[in-house]
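Some notes on the structure that comes next.
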Amino acid sequence: IINMYYYFFPDNYSQGTLENFLLEGAKIVYSDLLDNVNEYLERVDDKYKESWSRSSENKVKIGCIANIFQPGSANQISIRYDDWISEESIMYSPVIKKFYDFIIDILELK
């Protein structure tokens, strides 16, 4: 028997994306950078955002922060090496804590 597990981002209940989940961590660990990114995006002319989908703005936010830590790398590199999911974000974000608990349960570490 093969056990199969699934998790829907951001919180296994609400509709969203991986970016919604990561922004929960950024609000805690990278709040200063997130504020700077939000200010920057407010200044970008709407003509450059015309082709954006509903989730594009959050993807841009993640990309901006990720490129500060890992310039020129894919976002996955930053997710792997930086503190998007960290002790601090697990402690202070119910969304990230829920995901953490899900992983711990799968690994049967409790």
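The values are calculated or read from the model by the stated rules, or taken from the named source; none is laboratory data. Only a predicted model underlies this, so the values are computations on that prediction, with no experimental measurement involved. No Cβ is skipped: glycine too gets one built from the backbone with ideal geometry, and neighbour counts run over all protein chains shown.
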Original post:
Across the range 75-93, which residue is surrounded by the fewest Cβ atoms within 10 Å (Cβ to Cβ) among those that are touching a residue at least 40 places away in the same chain (Cβ under 8 Å) and part of a helix (DSSP H, G or I)?
Top reply: E88
Subject >> the range 94-110, residues that are surrounded by 11 or more Cβ atoms within 10 Å (Cβ to Cβ) and either at pLDDT 95 or above or closer than 18 Å to F21 by Cα (or both) >> reply: V95, I96, K97, K98, F99, Y100, D101, F102, I103, I104
**OP:** Output yes when any residue across the range 71-84 is within 28 Å of Y5 (Cα to Cα) and hydroxyl-bearing (S, T, Y), and no when none is.
**Re:** yes
Original post:
When the residues of the range 2-51 are filtered to those that are assigned to a loop (DSSP other than H, G, I, E, B) and β-branched (V, I, T), which remaining residue is modelled with the lowest pLDDT?
Top reply: I2
**OP:** Quick one: K61 ticks every box in (1) more than 11 Å from the chain's Cα centre (by Cα); (2) touching a residue at least 12 places away in the same chain (Cβ under 8 Å); (3) part of a helix (DSSP H, G or I) except a single one, so which number is it?
**Re:** (1)
Subject >> Looking only at the range 1-57, and only at residues there that are among the aliphatic types (A, V, I, L, M), touching a Phe, Trp or Tyr at 6+ places or on another chain (Cβ under 8 Å) and touching a residue at least 24 places away in the same chain (Cβ under 8 Å), the one that is surrounded by the most Cβ atoms within 10 Å (Cβ to Cβ) >> reply: L22
**OP:** Name the residue, out of L18, L34, that is touching a helix residue (DSSP H, G or I) at 6+ places or on another chain (Cβ under 6 Å) and not charged (D, E, K, R).
**Re:** L34
